[in-house]
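Report on the structure given below.
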Amino acid sequence: QVQLVESGGGLVQPGGSLRLSCTASGSIFSIAAMRWYRQAPGNQRELVATIPNGGNTAYADSVKGRFTISRDNAKNTAYLQMNSLKPEDTAVYYCNADVQHASWAGFTRYWGQGTQVTVSS
């Protein structure tokens, strides 16, 4: 089994910054893509950013130029640096990862439990 744990959420004023972390632990041989999603009350969960294991990152239009996704493969961790935060960025942020348990195995997608980000003055 694999666990994903997000951290770094909190309350921040508009224009401020936060850095989220998502660390995977457990039975891991390799991790392909890692992603950040968010879900605001009454809204569907939306994809915010994706980082493959090699290759180009991708962002939702609403966060381009403000958010940066990165990863540290040695730590099985993905990060989301969020700058110039706006009230509309308020949501629960979730990460997921496509994990391979062994060289002969396929990939399984796991989700974290989420971390709250609130942007308010």
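For every residue, the table says whether it meets (1) of a type in the set (Gly, Ala, Ser); (2) on the phi > 0 side of the Ramachandran plot; (3) modelled with pLDDT of 95 or more; (4) open to solvent by 20 Å² or more (accessible area, probe 1.4 Å).
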site	(1), (2), (3), (4)
GLY10	yes, yes, yes, yes
SER27	yes, no, no, yes
GLN44	no, no, yes, yes
ASN76	no, yes, yes, yes
TYR79	no, no, yes, yes
### Query
For the stretch 1-62, which fully contained strands (runs of 3 or more DSSP E) count at least 1 residues that are more than 18 Å from VAL119 (Cα to Cα) and among the hydrophobic types (A, V, I, L, M, F, W, C)?
2-7, 18-26, 30-39, 46-51
### Query
Given the residues ALA40, ALA60, which is the only one that is of a type in the set (Gly, Ala, Ser) and touching a Leu at 6+ places or on another chain (Cβ under 7 Å)?
ALA60
### Message
If I filter the stretch 35-73 down to residues being more than 16 Å from TYR93 (Cα to Cα) and among the polar types (S, T, N, Q), which single residue comes out as nearest to the chain's Cα centre (by Cα)?
### Response
THR57
### Task
Please determine, by comparing only the residues of the stretch 87-121 that are touching a Cys at 6+ places or on another chain (Cβ under 9 Å) and hydrophobic (A, V, I, L, M, F, W, C), which one is surrounded by the most Cβ atoms within 10 Å (Cβ to Cβ).
CYS95
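Table: residues versus (1) out of contact with any Ser or Thr (no Cβ under 9 Å at 6 or more places or on another chain); (2) more than 19 Å from VAL12 (Cβ to Cβ).
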site	(1), (2)
ALA58	no, yes
ASP61	yes, yes
GLY65	no, no
ASN76	no, yes
PRO87	no, no
TYR93	no, no
SER103	no, yes
ARG109	yes, yes
GLY114	yes, no
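The values are calculated or read from the model by the stated rules, or taken from the named source; none is laboratory data. Keep in mind it's a predicted model, so treat the numbers as computed, not measured. All Cβ positions, even for glycine, are placed from backbone atoms using ideal geometry, and neighbour counts span all protein chains on display. Remember, those area values only see protein heavy atoms, side chains included, never the ligands or the DNA or RNA. Shrake-Rupley method; radii C 1.70, N 1.55, O 1.52, S 1.80 Å.
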